[in-house]
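The values are calculated or read from the model by the stated rules, or taken from the named source; none is laboratory data. These figures come from a predicted structure and were not determined experimentally. Cβ coordinates were reconstructed from backbone atoms using ideal geometry, including for glycine residues, and neighbour counts include every protein chain displayed.
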Amino acid sequence: MFTISYSAAYDPFHTVFRFASLLLNSPDQSQRFGVLQISDFYLCFPWFLSDVSAPRSVSGFQKNRNELVRRYKANSYDLTPTASTLFERMEPIQLAALSAMLSKKIVEENESQGTIRILPSMLSQRLRKSIEQHTLDNRELVSFLSAELPKIPLAGKDGLKYRTGLKEYRYDYV
């Protein structure tokens, strides 16, 4: 038997769109790449937010996360592997998308801070309108992933890697 399926999570062009959406809605229009990868994962699979342990240091995090989990439920037709397996499979596509964005000068990398910053002037009007519409349609989710989730530090025992279980944290230099 032969089946054809599409998942936006494995599409580098859609990943560019999602990265641009998250970066445009982030404070300073920038994020650390590791945080951007994790935010992108949850933009594709928001129901997995239920697996994120809420930090006490970010007020309202748990309440907002729970509201999003109630709103975005897994499709009964989706047979998805574990979150860590999906994230691992997305990583090469995310790296390809970042490489394309850097080569087209849509983003710039600040190596000293370890951040990626979007250059909105490099986006076409058509793409900006699509991103604005996507943001309007998913306002709470995009806001949470671009502004709330990045408040949690990426590395360490209490960091985003640990709280999501998506990346290895034990060897982080904190």
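Just a few scattered comments:
- Within region 78-116, considering residues that are surrounded by 11 or more Cβ atoms within 10 Å (Cβ to Cβ) and basic (Lys, Arg), the one nearest to Leu43 (Cα to Cα): Arg89
- Scanning region 117-174 for residues that are of a type outside the set (Ser, Thr, Tyr), crowded, with 17+ Cβ neighbours inside 10 Å, in contact with a strand residue (DSSP E or B) (Cβ under 8 Å, 6 or more places away or on another chain) and modelled with pLDDT of 95 or more turns up just one, Ile118.
- Selection within region 69-103 - farther than 21 Å from Thr15 by Cα, part of a helix (DSSP H, G or I) and either without any contact (Cβ under 8 Å) to a residue 40 or more places away in the chain or of a type outside the set (D, E, K, R) (or both): Val69, Arg70
- Residue list for region 1-34, filter: closer than 27 Å to Glu111 by Cα, small (Gly, Ala, Ser) and not in a helix (DSSP H, G or I): Ser26, Ser30
- Scan of region 17-31 for residues that are modelled with pLDDT of 95 or more and more than 12 Å from Ser143 (Cα to Cα), ordered by number: Phe17, Arg18, Phe19, Ala20, Gln29, Ser30, Gln31
- Qualifying residue in region 132-141 (condition: under 19 Å from Gly34 (Cβ atoms) and either in contact (Cβ under 8 Å) with a residue 60 or more places away in the chain or touching an Asp or Glu at 6+ places or on another chain (Cβ under 8 Å) (or both)): no
- Of all the numbered requirements in (1) of a type outside the set (Gly, Ala, Ser); (2) in contact (Cβ under 8 Å) with a residue 60 or more places away in the chain; (3) more than 22 Å from Lys129 (Cβ to Cβ), Trp47 misses one, and that requirement is (2).
- When each of Gln113, Gln37 is tested for being within 24 Å of Gly156 (Cα to Cα), assigned to a helix (DSSP H, G or I) and not basic (Lys, Arg), the lone residue that passes is Gln37.
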